[in-house]
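Everything on this sheet refers to the single structure shown next.
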Amino acid sequence: MAARTLRIGLIPGDGIGREVIPAGRRILEALPASFKLKFSFVDLDAGFETFKQTGAALPDKTVDTLKNECDGALFGAVSSPSVKTEGYSSPIVALRKRLALYANVRPVRTVATAKSPVDLVIVRENTEDLYVKEEKTYDGPDGKVAEAIKRITEKASFNIAQMAGDIAVRRQRVRDSGAPSIHKQPLVTVTHKSNVLSQTDGLFRETARKALAQDAYKNVKVEEQIVDSMVYKLFRQPSDYDVIVAPNLYGDILSDGAAALVGSLGLVPSANVGKGFAIGEPCHGSAPDIEGKGIANPIATLRSTALMLEFMNEEAAAAAIYAAVDANLEEGKLLTPDMGGSAKTDEVVEDILKRL
Ligand SMILES: NC(=O)c1ccc[n+]([C@@H]2O[C@H](COP(=O)([O-])OP(=O)(O)OC[C@H]3O[C@@H](n4cnc5c(N)ncnc54)[C@H](O)[C@@H]3O)[C@@H](O)[C@H]2O)c1
Ligand SMILES: O=C(O)CC[C@H](C(=O)O)[C@@H](O)C(=O)O
């Protein structure tokens, strides 16, 4: 069989995004020939630096190249300012919408030998909710008033719940094939706040339930949880959760919280997934506090690279990367400072490449 050639867009962005994305490229280049995969790469711009230089945080060239040339991509992180900056808008949020990457899939897990095991996936809606970013400020009788639209549609809620159901079924298939797991039965937990937001989150809840009632998911247990009590229960008993499906903002917040349960934000990957296209992206941001020190944990990016390969139907290559990363973590000798070690980014990458 001839090797499959895949063209990958690399969008480092800002801060530690520039320090971790090269690790993603290196691990793809280091995949053994037995996987019959070849890669070509194209460097693409986005982020606050790009905005300062060109006036566009997400140049059209980046979007067009991804659409017309690439089979997949890796995105690092961007330094979006916390104050309104005329002309700037988060490029990763824009990219998710422009490429219709409707699902943000975020597996959060410990290694098999962990004392308090966690093995869950947060499936975050990726295009709407408060992230439609339709905001306005005006003067009212009590001073300035700022408003934002929270938009939930039936279509996006249905699609994201189906993605959660499909992932639950796939995870169970892997368990049934003998893979060790802390879970016995597939479970999807629908997260919402429809006790207060009965129309928006109400529509999400009701639609997700409808989607998960389809025959394809008849073996999947479906539960629901209000997002605040979800946080409480997740932090007390994370091993109770298998697949969590959430509207955009709750999914964003839950995934950083869940990262704390497994030791570091620097471990948690994600994939922005659309029909036939996926962008791997570590869950973390540009980490200005450690930028330039060469100590960023590359594991979230390496796992995001594997996750991108999974969505390209290259499960075996993805599994090899996960195994090499797990071997590094299980030995626990070469860890970056966020994990209590003193290793540099490049040393961790070298160690994982050796194990591949
Ligand atoms: N996908 C993205 O582009 C994305 C995601 C989140 C935040 N951001 C942006 O990043 C900037 C910084 O945000 P923040 O500081 O609130 O969050 P952050 O995720 O950048 O950092 C939070 C904390 O986690 C640590 N951390 C994160 N990733 C790490 C890694 N790989 N290795 C070791 N430690 C790591 C940081 O040092 C920091 O202490 C903001 O401008 C925000 O808008 C971008
Ligand atoms: O800072 C940005 O530009 C986007 C941050 C981004 C988000 O979805 O809100 C990040 O928190 C993430 O989880 O991907």
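The values are calculated or read from the model by the stated rules, or taken from the named source; none is laboratory data. What you see is a predicted model, and the numbers here were worked out from it, not measured in a lab. Glycine also receives a Cβ, built like all others from the backbone with ideal geometry; neighbour counts cover every protein chain displayed. All accessible areas refer to the heavy atoms of the entire protein, side chains included, with ligands and DNA or RNA removed. Shrake-Rupley method; radii C 1.70, N 1.55, O 1.52, S 1.80 Å.
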Apart from one, (1) modelled with pLDDT under 95; (2) in contact with a strand residue (DSSP E or B) (Cβ under 8 Å, 6 or more places away or on another chain); (3) within 25 Å of Thr345 (Cβ to Cβ) all hold for Ala77; the odd one out is (1)
Picking from Val273, Val245, the residue that is within 15 Å of ligand 2 (Cβ to nearest atom) and part of a strand (DSSP E or B) would be Val273
Thr301 passes all but one of the listed conditions (1) surrounded by fewer than 19 Cβ atoms within 10 Å (Cβ to Cβ); (2) within 20 Å of Ser255 (Cα to Cα); (3) within 16 Å of ligand 2 (Cβ to nearest atom); the exception is number (1)
Given the conditions (1) more than 16 Å from ligand 2 (Cβ to nearest atom); (2) open to solvent by less than 10 Å² (accessible area, probe 1.4 Å), every one holds for Gly340 apart from (2)
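This table checks each residue for (1) among the charged types (D, E, K, R); (2) within 16 Å of ligand 2 (Cβ to nearest atom).
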{"position": "Ile16", "(1), (2)": "no, yes"}
{"position": "Glu29", "(1), (2)": "yes, no"}
{"position": "Glu49", "(1), (2)": "yes, yes"}
{"position": "Gly55", "(1), (2)": "no, no"}
Flagged pairs (Cβ under 8 angstrom, 6 or more apart or on separate chains; first in region 329-347, farther than 19 Å from Gly292 by Cα; second of a type outside the set (Gly, Ala, Ser) and in a loop (DSSP other than H, G, I, E, B)) are Leu329/Val111; Leu329/Leu335; Glu330/Val111; Glu330/Thr113
From the option list Lys354, Lys344, single residue qualifying as closer than 13 Å to Ile16 by Cα and basic (Lys, Arg) is Lys344
The residue from Glu315, Glu310 that alone is under 21 Å from Gln162 (Cα atoms), more than 15 Å from the chain's Cα centre (by Cα) and either open to solvent by 10 Å² or more (accessible area, probe 1.4 Å) or not assigned by TED's automatic domain parsing to the domain that holds Asn248 (or both) is Glu315
With the first residue restricted to region 58-79 and required to be charged (D, E, K, R), and the second required to be modelled with pLDDT of 95 or more and assigned to a helix (DSSP H, G or I), Cβ contacts under 9 Å at 6 or more apart or on different chains are Lys67/Arg98
Worksheet item: Is at least one residue of region 112-128 in contact with a strand residue (DSSP E or B) (Cβ under 7 Å, 6 or more places away or on another chain), open to solvent by 10 Å² or more (accessible area, probe 1.4 Å) and over 18 Å from Arg209 (Cβ atoms)?
Response: yes
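If you check Gln237, Gln225, which single one turns out to be of a type outside the set (Val, Ile, Thr), open to solvent by less than 40 Å² (accessible area, probe 1.4 Å) and either over 19 Å from Val118 (Cα atoms) or away from ligand 2 (no atom under 15 Å from the Cβ) (or both)?
Going through Gln237, Gln225 in turn, the sole match is Gln225.
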Any residue that is assigned to a helix (DSSP H, G or I), away from ligand 2 (no atom under 16 Å from the Cβ) and surrounded by 21 or more Cβ atoms within 10 Å (Cβ to Cβ) - is there at least one of those in region 253-263? no
